[in-house]
1. Scan the stretch 193-227 for residues that are of a type outside the set (Gly, Ala, Ser) and not in a strand (DSSP E or B) and jot them down.
2. Does Glu173 satisfy the condition of being of a type in the set (Asp, Glu) and modelled with pLDDT of 90 or more?
3. In this structure, is Val102 over 17 Å from Ile207 (Cβ atoms) and in contact with a Ser or Thr (Cβ under 7 Å, 6 or more places away or on another chain)?
4. Do we find that Arg47 is among the basic types (Lys, Arg) and either in contact with a Lys or Arg (Cβ under 7 Å, 6 or more places away or on another chain) or within 20 Å of Gly177 (Cα to Cα) (or both) in this structure?
5. Within the stretch 124-157, restricting attention to residues that are among the acidic types (Asp, Glu) and open to solvent by 10 Å² or more (accessible area, probe 1.4 Å), which residue is farthest from the chain's Cα centre (by Cα)?
6. Does the stretch 220-238 hold any residues that are open to solvent by 10 Å² or more (accessible area, probe 1.4 Å), at pLDDT below 80 and under 27 Å from His141 (Cα atoms), and which are they?
7. Could you identify the single residue in Val88, Val80, Val139 that is under 22 Å from Gly177 (Cα atoms) and either in contact (Cβ under 8 Å) with a residue 60 or more places away in the chain or part of a helix (DSSP H, G or I) (or both)?
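The values are calculated or read from the model by the stated rules, or taken from the named source; none is laboratory data. Fair warning: this is a prediction, and the values are worked out from it, not measured in the lab. Every residue, glycine among them, receives a Cβ derived from its backbone with ideal geometry; neighbour counts consider all protein chains shown. Note: areas computed on protein heavy atoms with side chains; ligands, DNA, RNA excluded. Shrake-Rupley method; radii C 1.70, N 1.55, O 1.52, S 1.80 Å.
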Amino acid sequence: WILEPRGLAAFGNPREAPFERVRQKLPAASAPEPPGTDAPADDFAERLDSLRDLGHAISPGEVRQFLDLTRQGAGVWEPVAADGRIRVERHCNRALCGGVFVKLSARLPNVHSLAHAASCFLDFQDRAKWDKQVDGFRVLHNFSGNDLLYYRMHAPPLSHRDFIVLHTLFRHEDRRGVMFYSRSTEDTLAARTSAVRAQQYLLATEITEHPDGGICWTTTSAVDPRIPFLPKWIMNMLVPSEFRKWVDNVERRCFELKASGKGLPCAAFFELAGTVDASPCPLGEPVDFRTKDSTDAGPPSDGAAEANAAPCVADVEADCAVVSTVREGDCGRGFDGKRGEPAIEGPEGAISYGGCCGARP
């Protein structure tokens, strides 16, 4: 996997310009990887649970450890449900990451376009047309290959849940797959609203071509919606049914995109299989992130209180880092919440994370 330094802009998502006070709070682009990035997978899961990395940008080392964790067998992931279309697994340690830590896999043998499948997850403008469970999506900044995202999720009849996360995007070296990995970051990077600020310990998806035809994906999700009165066992029980709904919706939208014949913003992301436009670093070596100034402008975030603050956005160029080789066959997804407007205004977008159980992202 190779880091895509443009982040979500590669899928046509506009980026807003945060004020200087927000930019100054971002994790440093040159910050070293947090301690423990070479530790065993169990230690990585415990580090996620402890939220020790909130002040760090997502690094290639962290994503490599995540991939190691997802490749663990029955001693770590126990099966919950499986049929010819989906597979649901749950982490054996019930105490980790809010108690809803799942790995979800699906295969769509009749969907043959990676661009169509990936757009269902990452093209927020298109997703707003058919997926209404999440709104207020904002791409606020990009640094070190990390996008700063704000979004709000619905879980009627409960209040909105909202998140402020770091999001990274990776393409497979032969362009036959896409992976995106995100987790919560410091709350202070987005103003509080009437929504309940929930915790995304981890949400990551790999979408690849299946060797027998069609596409497959795996989503690993550890999300705490902060609903104290709802037992975690109920949330886990809802995961398989919610995930099946999400798989059906993705397949339906892929068919609609194919029938429309319209071009997609991300089409070039998957073109020219076998052609790589940057020389990847060997796995595990430091990545030399270089920033450049940008003249991008964006709307103010906090009105009069920020009247004297100058907008500042940094586009990032990076020496691409190889994180892992692609896995054949597998899948996944995330969750959902309601109420309150984000403090930062800008173009609308939507993305779904399905119910309160981590079954859709």
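1. Quick first cut of the stretch 193-227, residues of a type outside the set (Gly, Ala, Ser) only: 193, 196-197, 199-203, 205-212, 215-220, 223-227.
Result: Thr193, His210, Pro211, Asp212, Pro225, Arg226, Ile227.
2. Working: of a type in the set (Asp, Glu): yes; modelled with pLDDT of 90 or more: no.
So Glu173 does not fit the description; no.
3. Details: over 17 Å from Ile207 (Cβ atoms): yes; in contact with a Ser or Thr (Cβ under 7 Å, 6 or more places away or on another chain): yes.
Yes: the conditions hold for Val102.
4. On the way: among the basic types (Lys, Arg): yes; either in contact with a Lys or Arg (Cβ under 7 Å, 6 or more places away or on another chain) or within 20 Å of Gly177 (Cα to Cα) (or both): no.
Spelling it out, it is not the case that Arg47 is among the basic types (Lys, Arg) and either in contact with a Lys or Arg (Cβ under 7 Å, 6 or more places away or on another chain) or within 20 Å of Gly177 (Cα to Cα) (or both).
5. Taking the stretch 124-157 and keeping what is among the acidic types (Asp, Glu), we get 126, 131, 135, 147.
If we keep only those that are open to solvent by 10 Å² or more (accessible area, probe 1.4 Å) as well, we get 126, 135.
Values: Asp126: 17, Asp135: 15 Å.
By that ranking, first place goes to Asp126.
6. Residue satisfying the conditions is Arg226 alone.
7. Working: Val80 fails: under 22 Å from Gly177 (Cα atoms); Val139 fails: under 22 Å from Gly177 (Cα atoms).
Exactly one residue qualifies, and that residue is Val88.
Residues checked against (1) farther than 18 Å from Ile86 by Cα; (2) in contact (Cβ under 8 Å) with a residue 24 or more places away in the chain; (3) surrounded by fewer than 22 Cβ atoms within 10 Å (Cβ to Cβ):
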| residue | (1), (2), (3) |
| --- | --- |
| Arg175 | yes, yes, yes |
| Ala191 | yes, yes, yes |
| Arg197 | yes, yes, yes |
| His210 | no, yes, yes |
| Ile215 | no, yes, no |
| Thr218 | no, yes, no |
